[in-house]
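*Asks:* My questions will all concern the structure given below.
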Amino acid sequence: MTPNPSKWISTAQAATELGVTSRTLRTFINTGDLTAYRFGRVIRVREDDVAAFIEASRITPGSLGTV
């Protein structure tokens with residue numbers, strides 16, 4: 001057993017947390033940007049992985065150029 005077990009959330013919950021549609025979330029999973037796990041017919045995402053995805057998506061100030 002791990003000392004700090006991860007909390008599993010559904011893809012719908014993950015999409016809501018990220019503010020995207022379920023279809024966009026599945027694209028993130030399919031391209032490997034977000035790690036997900038299949039348990040039978042159910043796909044689950046670890047809450048820690050969603051937090052890591054959010055952190056990895058952070059935009060560095062000044063990197064957008066002029067808009």
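*Asks:* For residue 23 and residue 44 in the same chain, what is the full-extension length gain: residue separation times 0.36 nm, less their Cα-Cα distance, in nm? Working shown, then result.
*Replies:* On the way: separation 21, 0.36 × 21 = 7.56 nm, distance 1.46 nm.
Value of the extension gain: 6.1 nm.
*Asks:* Still on this structure: Can you tell me, using C-alpha contacts under 8 Å and at least 6 residues apart, the relative contact order of the chain as a whole percent?
*Replies:* On the way: 50 pairs, mean separation 23.2, N = 67.
Relative contact order for the chain comes out at 35 percent.
*Asks:* With a 1.4 Å probe and all protein chains left in place, how much of the accessible area of the chain comes from carbon and sulfur atoms, in whole percent? Write out the running numbers ahead of the final one.
*Replies:* Working: 2800 of 5340 Å².
C and S fraction of accessible area: 52 percent.
*Asks:* Follow-up. If packing is taken as the average count of other Cβ atoms within 10 Å, what order do 51-61, 21-31, 37-47 fall into, highest mean first? The partial results should precede the final answer.
*Replies:* On the way: 51-61: 9.8, 21-31: 14.1, 37-47: 12.5.
The most tightly packed comes first, giving 21-31, 37-47, 51-61.
*Asks:* Within the P(r) computed for the chain, what percentage of the Cα pairs occupies the region above 18 Å? Provide the component values of the computation, followed by the final result.
*Replies:* Numbers: 921 of 2211 pairs.
Result for the distance tail: 42 percent.
The values are calculated or read from the model by the stated rules, or taken from the named source; none is laboratory data. As the structure is a prediction and not an experimental result, all values here were calculated from the model. Here Cβ is always computed from backbone atoms with ideal geometry, including for glycine, and neighbour counts include all displayed protein chains. Ligands, DNA and RNA are excluded from the accessible area calculation, which covers all protein heavy atoms including side chains. Shrake-Rupley method; radii C 1.70, N 1.55, O 1.52, S 1.80 Å.
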